[in-house]
Amino acid sequence: MKSSISPQRSATLRPQLHPFSIAASALTRLVPLGASYNVAIAVADIFYFVWRSKRETAKRNYAHIAGVPPASAQAERLARESFRHFGRYIAELLHVQGWGLSKIRDAVTLHGEEHLEEALSHGRGVIFVSGHMGSMEVASTIVLLRDFKVTSVTEQLK
């Protein structure tokens, strides 16, 4: 199916935001994205140390994946990095609010696009599978800019 968002209908990315998000988004635009990432890491570390239940859950989950005890240094490192990754994601999400399509086009660098082009050249479509890497909001906009026809598989959250 074709994307229901068109460049004419949505010149900027402006979803409905909580007032805190609006203020945080405005603040993040005052500093470069790299500096926002540094602040996000510090905030994520605070959440990691303060939010014990989520920290312990993350440690158990990563310990299970890595096959190590939850109290291990590896589980601790993986859990803390997951909090930091989420912090960077939030900083990026807030930073891109209000970016127009041209700003995203100018700011995003695609790597390996020639592989996708080669696969598309066969005229049979492409099944593209990816892990959740970075901002899905920006990735979705790139799909919009390239005018790809997309079918997405999702599950309903309860």
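The values are calculated or read from the model by the stated rules, or taken from the named source; none is laboratory data. Model, not experiment: these values are computed from the prediction. Methodologically, a virtual Cβ is constructed for each residue, glycine included, from the backbone with ideal geometry; neighbour enumeration extends over all protein chains shown. Side chains included, ligands, DNA and RNA excluded: accessible areas come from the protein's heavy atoms. Shrake-Rupley method; radii C 1.70, N 1.55, O 1.52, S 1.80 Å.
Counting only protein heavy atoms and a probe of 1.4 Å, the accessible surface of the stretch 85-146 is 58% carbon and sulfur. Between Phe49 and Leu27, the FRET efficiency estimated from the beta carbon spacing at R0 = 22 angstrom works out to 0.45.
Start at zero, step by 10 Å, and the Cα-Cα distances of the stretch 47-131 spread as 14, 26, 23, 26, 10, 0 percent across the bins.
In this simple spin-label model, placing a label point 7 Å from the Cα along the Cα-to-Cβ direction at both Ser121 and Ser140 gives a separation of 3.2 nm.
Extension gain, Gln156 to Asn61, is 31.9 nm, computed as 0.36 nm per intervening residue step minus the present C-alpha separation.
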